[in-house]
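K.L.:
Here you go, one structure.
The values are calculated or read from the model by the stated rules, or taken from the named source; none is laboratory data. Owing to the predicted nature of the structure, the values given are computational and were not obtained by experimental measurement. Here the Cβ is made from the backbone with ideal geometry for all residues, glycine too, and neighbour counts use every protein chain on show. Side chains are part of the model used for accessible areas, which takes the heavy atoms of the whole protein and leaves out ligands, DNA and RNA. Shrake-Rupley method; radii C 1.70, N 1.55, O 1.52, S 1.80 Å.
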Amino acid sequence: MRISNQQLNDFIKDAGMIDPKSLESAMNEAELSKKPLGDVLLDKKMIDEMKLRKLYAYILGIPFVNLQKEIISPEILQIVPEPIARKYKIVSFEKKDRELKLAMMNPEDIQTVDFIRKKTGLKITTCITSEESIEAVLKQYGKSLKAEFGDIIDKNSEEVKTEEAEDEDLEKVAQGLPIIRIVDTLIKHAILQSASDIHIEPDEKEVRVRYRIDGILHEAMVLPRQVKEGIIARIKVLSNLKLDEHRVPQDGRFKIEKDGLNISFRVSILPIFDGEKIVMRLLDESSKGLTLEGMGLRGHALEAIHREIKKPNGMILVTGPTGSGKTTTLYTVMDILNTPDVNISTVEDPVEYRMHRVNQTQVYPKVGLTFAAGLRSLLRQDPDIIMVGEIRDNETMEMAIHAAMTGHLVLSTLHTNSAAGTLPRLLDMGAEPFLVASTVNVIIAQRLVRKVCPDCRQEYKLSKKELDALRESYDMDDILKRLREVEDLKGMIKAKDTWSDLKLYKPKGCEQCSGGYHGRAGIFEVLEIDDDIRKLISQKTDAETLEGEARKKGMLTMIEDGFAKAVQGMTTIEEILRVTKE
C-alpha cells in the first residue's frame, strides 16, 4: 500500500499509540531491513492487526469493516468466485441496488477491482479489512456449499455402481471422478465444521456419515448404498491400505495440505456385518501451539504445573477417561519443555501429533514393541524427558517409576476418575508407597466441556427447583464458599451473593455454533505432591483423605473448577454435570 514508513511513524507518534523509544527502534529496524514498518510492529507484537488496519484505513481515507461475526448471504458472497476471493484476499459483503461493497486487504489492487467491476457491471466501493475477517468470510464459501452437497451426491452416485465390483475394478472406481468428489466433499465439510472424527457406517440400505463436533456425534448425511464400496476403496487408496482385504481391521494415515491447512487423518477400518466401517481422526498439524492457559488452567493450578514441570526429575501424570484431552495436555507440556538443550523421547499408541525435535516411537505389540519394551530401550537413548502414552500394566509402571527416580522427567497418563484416585490405583498395580511418594510431582485430572457460544448465549438465574436438584448431589454452599476464594471470580461474586443471585448462561443456537456451543475447554483438578501429601501416601491413605488434605492447600476439585467456569460464562451447568457424572 502507498503508505510510507515515515507517514505511518508520524501518525502513530501523534496518536501516542506506542512508546516513542520502542517506535524509534522499530522504525530503524524497518529502514535497515527494507520492510514495511507495519510488518515490523506486528512481528514485535507492538500493535495488533485490527488497530493497524484501522490506521491504514484512516490514513488512506477508506472505510474499515470488521466481518468476523457477519453472516453474508450466499447470493452476495458468490458474486466474487471463491478462487479469486482466496487468491487476492477480496470478498463481497453488501449489495444495494447497483452498488457492491468489497472488503480487501489491499484496496490499491486496482486490477482485481476492475475485473470484478467488468464481470458484474456494478458500481464498486472498496473497504479495508483484517486477515481474520477475510478468513472468517472465506469459511462461509464452504458453508454455502452445504445446499449443493445433495446435488453432488445425487449426480455422482448415479455414475457409480460398485455393489458387485471385483477387487481389481475397485482401484479404477477409487480413482474415478465421482467417488473423488464425494470423498473430498465429506472431508471438506468435516474440516469446515471443525469435526474431530468422521464416521462412515454402511447399513443394510444406506451409508450413514456422522461427524464428532466438540465431543458429540452429529448425523451429517446419508448416502445411497451403491457408493459404499467406492468410498471405502478411495479412503484405502489415500491411506495406502490393501484394497482386497475385507476381513481384518486395517489402520493407516494420510495428509492434506491446502489453503494453509496441514491436516493429518488417522484412518481405522473395521469389518462389520454390512461391510467395513471407517473412522477417520482429524489432527490439525497447522494449528497454533496450545497453551495451558488457553486450555482452561488458571491460578493455583496453573502455577503448580509450571512449578513442577521445571523440576529435572519425577513424574507428571494426567488422568481422565478416553477423549478427555489427556494427550493434548501432555503435548502442551512437552511443547513448553521442548528446547534445543534437552532430549525428549516418547513411546505412544498411536503417535497423534508430530512434534519438531521430539523422538516419537509407535508401539507395535506384534513384534514385541510394547510400552514397557519401548521404555526400556528409551532409557539407553540418553533422554532428559520421557513421555509414555499410557501406564497400562505393572511392568510399564515399575519402569516409569524407576526412570523418574534415576534423574528423568516422566510424563504419562492413567485412567482414573480423580487426581487423588490415581495414587491408590498405582498402589493397586503393585507400586511401593514410598516410591510413589518420592517420584510423583503432580497429578492433573481433567474433562473436556463444550464452551457456550458467546454470540447467542442466554442469561438466566437458578430457580429454587434447579438449586434443590443440584443440592441433592453437591454441597452447593461449600462450592460457593470455595468460588469466593478464586482470584478470577473476585469481581463476579459479591460478599452477600447466593446461588440465586449469580448470572449463569444457557445455550440457544445460531449460525456460528453447533446447538449453542462452540469449541471446548478443560476443567481440571491439579494435585501437587508436597511433603504432607507424601507422608499420607507412604501411610497408604485412601483417596478421600488425600483429596481433603489437597483441598485445604487450595486445590479446586473438577466440579468446583467447572462451576467457576460456568459463573465466568465459559460453559453451562448442564455441560459440567454431563462430563463429571460417574
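K.L.:
Tell me the per residue accessible area of segment 542-582 using a 1.4 Å probe; a whole number in Å² is fine. Don't jump to the answer; show the numbers that get you there.
P.N.:
Working: 1680 Å² over 41 residues.
Heavy-atom accessible area per residue stands at 41 Å².
K.L.:
What pairs in Lys69/Lys553; Lys508/Lys553; Lys326/Lys553 have C-alpha atoms more than 32 Å from each other?
P.N.:
Details: Lys69/Lys553 43 Å; Lys508/Lys553 38 Å; Lys326/Lys553 24 Å.
Exceeds cut-off: Lys69/Lys553; Lys508/Lys553.
K.L.:
What order do you get for 523-533, 17-27 when each peptide is scored by the mean count of other beta carbon atoms within 10 Å, highest first? Working shown, then result.
P.N.:
Details: 523-533: 21.5, 17-27: 14.6.
Ranked by mean Cβ neighbours within 10 Å, highest first: 523-533, 17-27.
K.L.:
For the chain, which cysteines have no second Cys with its Cβ under 4.7 Å from theirs?
P.N.:
Those would be Cys127, since no other cysteine Cβ in the chain comes under 4.7 Å of theirs.
K.L.:
With the cut-off at 24 Å, tell me which of the pairs Lys461/Lys494; Lys139/Lys451; Lys188/Lys255; Lys139/Lys581; Lys496/Lys565 have Cα atoms farther apart than that.
P.N.:
Lys139/Lys581
K.L.:
Further, regarding this structure: Using a simple charge model, +1 on the beta-carbon of Lys and Arg, -1 on the beta-carbon of Asp and Glu, nothing else, what dipole does the chain show about its Cα centre, in debye to the nearest 20?
P.N.:
Taking the Cα centre of the chain as origin, the dipole is about 1520 debye.
K.L.:
Determine the share of the chain's accessible area contributed by carbon and sulfur atoms, expressed in whole percent, with a 1.4 angstrom probe. Kindly include the intermediate steps, with their values, before the conclusion.
P.N.:
On the way: 14260 of 29270 Å².
That fraction is 49 percent.
K.L.:
Tell me, what is the per residue accessible area of segment 323-372 in Å², probe radius 1.4 Å?
P.N.:
Details: 2420 Å² over 50 residues.
Heavy-atom accessible area per residue stands at 48 Å².
K.L.:
Then there's this: Could you give the accessible area per residue of segment 1-60, probe 1.4 Å, as a whole number in Å²? Don't skip to the end; give the middle numbers.
P.N.:
On the way: 3820 Å² over 60 residues.
Ligands and nucleic acids excluded, the result is 64 Å² per residue.
K.L.:
Determine the percent antiparallel among the DSSP beta bridges restricted to segment 337-455, to the nearest 5. It would help to have the intermediate numbers written out before the result.
P.N.:
Working: 1 of 14 bridges.
For segment 337-455, the DSSP antiparallel bridge percentage is about 5.
K.L.:
In addition: Given an 8 Å cut-off on Cα distances and at least 6 residues of separation, report the relative contact order of the chain as a percent.
P.N.:
Values: 946 pairs, mean separation 53.1, N = 582.
This gives 9 percent for the chain.
K.L.:
Further, regarding this structure: Which one, Thr112, Gly16, Ile529, projects farthest toward the positive side of the charge dipole computed for the chain from Cβ point charges (K/R +1, D/E -1)?
P.N.:
Among Thr112, Gly16, Ile529, the one farthest towards the positive end of the dipole of the chain is Gly16.
K.L.:
Give the shape of segment 310-441 as rounded, prolate or oblate, defined through the alpha-carbon gyration tensor: a ≥ b ≥ c are the square roots of its eigenvalues, a/c under 1.5 means rounded, and otherwise the shape is prolate if a/b is larger than b/c and oblate if not.
P.N.:
Values: a/c = 1.29, a/b = 1.25, b/c = 1.03.
Taking the square roots of the gyration eigenvalues as a ≥ b ≥ c, segment 310-441 is rounded.
K.L.:
Continuing with this model, one more query. Cut-off under 19 Å on the C-alpha distance; same-chain residues fewer than 8 positions from Lys172 excluded. Which lysines are left, in chain and number order?
P.N.:
Once the sequence-local lysines are set aside, what remains near Lys172 is Lys155, Lys161, Lys228, Lys236, Lys242.
K.L.:
Now, a different point. I'd like the projected area of segment 456-540, averaged over all directions, using the convex hull of its alpha carbons. Report it in nm² with one decimal. Walk me through the numbers on the way to the answer.
P.N.:
Numbers: hull surface 35.5 nm².
Value for segment 456-540: 8.9 nm².
K.L.:
Please express the shape of the chain as an equivalent ellipsoid: the semi-axes are the square roots of 5 times the eigenvalues of the C-alpha gyration tensor, given largest first in whole angstrom.
P.N.:
They are 43, 36, 27 Å, listed largest first.
K.L.:
While we're here: Which loop GluC sites (Glu not before Pro) in segment 222-287, with loop taken from DSSP, have no more than 15 other Cβ atoms within 10 angstrom of their Cβ? The partial results should precede the final answer.
P.N.:
Details: sites: Glu229, Glu245, Glu257, Glu276, Glu285; in loops: Glu245, Glu285.
Taking segment 222-287 and a limit of 15 other Cβ atoms within 10 Å, the loop GluC sites (Glu not before Pro) found are Glu245, Glu285.
K.L.:
Still on this model: Apply the Karplus parameterisation 6.51 cos²θ - 1.76 cosθ + 1.60, with θ equal to phi minus 60°, to every residue of segment 31-41 and state each ³J(HN,Hα) to the nearest whole Hz, in sequence, with x for glycine and proline.
P.N.:
Coupling constants for segment 31-41: 5, 5, 8, 6, 9, x, 4, x, 5, 5, 4 Hz.
K.L.:
Per residue of segment 184-194, in order, report the coupling 6.51 cos²θ - 1.76 cosθ + 1.60 (Karplus, θ = phi - 60°) as ³J(HN,Hα) in whole Hz, putting x for Gly and Pro.
P.N.:
4, 5, 4, 5, 4, 5, 5, 5, 4, 8, 6
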